[in-house]
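Structure, as structure tokens:
The values are calculated or read from the model by the stated rules, or taken from the named source; none is laboratory data. Computed from a predicted structure; not experimentally measured. As a convention, Cβ positions derive from the backbone with ideal geometry for all residues, glycine included, and neighbour counts pool all protein chains shown.
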Amino acid sequence: RAKASMQERICLFEDYMQAEFDDRQELEHDLRLAVERDEFELVYQKQVEVMSLNVHGVEALVRWNHPTRGQISPAAFIPIAEELGIIVELGEVILRRACIEATKWTKPIKIAVNLSPIQLQAPGIVGTVLEILNETGLDPARLELEITETVVLNDRNGVVDILNDLRALGVTIAIDDFGTGYSSLAVLRDIPFDTIKLDKAFVRDIAVSPEAEALVKLVIDVGNHLGRTVIIEGIETEAQHQCIRRMGCQVSQGFYFARPVKASMLDFLHVA
Ligand code: C2E
Ligand code: MG
Ligand code: MG
Ligand code: MG
């Protein structure tokens with residue numbers, strides 16, 4: 001009897017594995033189609049100057065409007081797009097769309113766009129960015145490209161060359177999710193960048209933990225000493241906001257200020 005139930009469990013497990021596999025196959029299939037059918041949408045999250053609360057810029061964040069599953073978050077489909085190699089094409093679509101939309105805005109604010117490490121290291125990335133800037137007429141100084149620390153895990157020299165070439169176009173580079181990699185200090189030393197975006201994991205406890213506060217302060221001070229912009233991500237409460245304000249943080253991004261919204265919902269773009 002015990003044996004039968006074990007057999008049963010194995011069958012259930014196999015069914016489960018098969019279902020997971022089918023689901024993933026379907027999602028991969030849909031994702032390939034989604035690029036052709038243009039099922040992606042950009043939402044924008046405001047970045048604010050901490051002292052004045054004036055808008056500093058926005059970050060473009062992609063959403064997939066799946067025909068039957070509804071809206072799918074980038075955390076769920078970007079890794080699949082990376083595995084399938086679709087990310088290069090998708091990333092180009094996203095960058096072009098972000099630049100086109102930004103040129104229509106009534107204020108010439110900065111727009112930050114995330115680049116996948118695969119996209120950054122794909123041949124021709126510098127040419128692609130240049131082409132999109134020329135095509136759309138966006139002032140390069142308004143474009144910030146967000147990369148993560150993981151890009152430098154292999155081929156550090158190659159990445160440095162690419163980043164220098166990108167900056168020569170006039171765009172700026174942000175290191176996103178800073179502090180979550182294993183070589184953050186080396187990255188600050190070796191990588192050409194303009195902005196540090198401290199990962200939200202460091203911010204969660206700042207208002208209640210002196211250790212957390214000390215770490216955030218350290219990053220703000222390093223950024224300020226280097227003359228770079230520091231953006232603190234993941235501010236959700238008034239207490240956290242007051243805390244980073246005291247620490248001399250210039251720019252911040254979080255649900256406390258604004259959720260990501262469609263461009264048409266960006267309040268500061270409407271003429272008062
Ligand atoms: P990210 O680049 O670090 O973007 C910030 C993420 O944190 C966004 O999630 C945003 O909605 C969320 N967030 C902002 N403020 C808060 C807050 O106060 N609390 C909390 N808990 N979360 C906050 P989202 O839009 O789901 O994006 C997740 C990740 O997906 C992004 O992290 C980025 O790595 C990736 N991603 C998004 N759009 C793109 C894209 O166009 N291309 C690429 N390659 N990756 C993208
Ligand atoms: Mg980002
Ligand atoms: Mg990220
Ligand atoms: Mg981030």
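Pairing each residue of the range 163-183 that is under 15 Å from residue 115 (Cα atoms) and of a type in the set (A, V, I, L, M) with any residue that is part of a loop (DSSP other than H, G, I, E, B) and within 16 Å of ligand 2 (Cβ to nearest atom), provided the two are 6+ apart or on different chains, yields C-beta distances under 6 Å for 173/193; 173/194; 175/193. Taking the range 38-57 as the range and being of a type outside the set (A, V, I, L, M, F, W, C) and part of a loop (DSSP other than H, G, I, E, B) as the test, the residues that pass are 38, 39, 52, 54. Are any of the residues in the range 186-203 under 28 Å from residue 62 (Cβ atoms), surrounded by 15 or more Cβ atoms within 10 Å (Cβ to Cβ), within 16 Å of ligand 2 (Cβ to nearest atom) and basic (Lys, Arg)? Yes; the residues of the range 186-203 include at least one that is under 28 Å from residue 62 (Cβ atoms), surrounded by 15 or more Cβ atoms within 10 Å (Cβ to Cβ), within 16 Å of ligand 2 (Cβ to nearest atom) and basic (Lys, Arg).
Let's see how each residue does on (1) in contact with a His (Cβ under 6 Å, 6 or more places away or on another chain); (2) of a type outside the set (A, V, I, L, M); (3) within 13 Å of ligand 4 (Cβ to nearest atom); (4) modelled with pLDDT of 95 or more:
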| site | (1), (2), (3), (4) |
| --- | --- |
| 201 | no, no, yes, no |
| 206 | no, no, no, no |
| 209 | no, yes, no, no |
| 215 | no, no, no, no |
| 234 | no, yes, yes, yes |
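Across the range 160-185, the qualifying residues are those that are under 18 Å from the mean Cα position of the chain (by Cα) and more than 25 Å from residue 95 (Cβ to Cβ), and the one among them that is farthest from ligand 2 (Cβ to nearest atom) is 184.
Beta carbons closer than 8 Å, at least 6 apart along the sequence or on distinct chains, pair a first residue in the range 197-208 that is without any contact (Cβ under 8 Å) to a residue 40 or more places away in the chain with a second that is exposed (fewer than 15 other Cβ atoms within 10 Å of the Cβ) and among the small types (Gly, Ala, Ser) for 207/239. Applying the condition of being over 20 Å from the mean Cα position of the chain (by Cα) and away from ligand 4 (no atom under 16 Å from the Cβ) to the range 241-260 and asking which residue is farthest from residue 191 (Cα to Cα) yields 242. Under the condition of being away from ligand 2 (no atom under 14 Å from the Cβ), within 25 Å of residue 61 (Cα to Cα) and surrounded by fewer than 20 Cβ atoms within 10 Å (Cβ to Cβ), the residues counted in the range 143-159 number 1. Taken over the range 261-271, the criterion of being of a type in the set (A, V, I, L, M), more than 16 Å from the chain's Cα centre (by Cα) and either within 15 Å of ligand 2 (Cβ to nearest atom) or not in a helix (DSSP H, G or I) (or both) is satisfied by 266, 271. With respect to the conditions (1) within 13 Å of residue 62 (Cβ to Cβ); (2) away from ligand 2 (no atom under 16 Å from the Cβ), residue 116 lacks only one, and its number is (2). A count restricted to the range 58-70 and to residues that are assigned to a strand (DSSP E or B) and more than 16 Å from ligand 3 (Cβ to nearest atom) stands at 4. Can you go through 264, 252 and tell me which one is in contact (Cβ under 8 Å) with a residue 40 or more places away in the chain and of a type outside the set (A, V, I, L, M)? The conditions single out 252. A residue that is crowded, with 16+ Cβ neighbours inside 10 Å, of a type in the set (Asp, Glu) and away from ligand 3 (no atom under 16 Å from the Cβ) occurs nowhere in the range 221-228.
Of the residues 162, 125, the single one that is at pLDDT 95 or above, surrounded by 15 or more Cβ atoms within 10 Å (Cβ to Cβ) and closer than 23 Å to residue 103 by Cα is 125.
Once the range 47-88 is narrowed to residues that are surrounded by fewer than 15 Cβ atoms within 10 Å (Cβ to Cβ) and among the acidic types (Asp, Glu), the residue that is farthest from residue 118 (Cα to Cα) is 49. For the range 176-206, a tally of residues being of a type outside the set (Phe, Trp, Tyr), touching a Ser or Thr at 6+ places or on another chain (Cβ under 7 Å) and on the phi < 0 side of the Ramachandran plot returns 6. Within the range 171-196, the set of residues being among the small types (Gly, Ala, Ser) and not in a strand (DSSP E or B) comprises 179, 181, 183, 184, 186.
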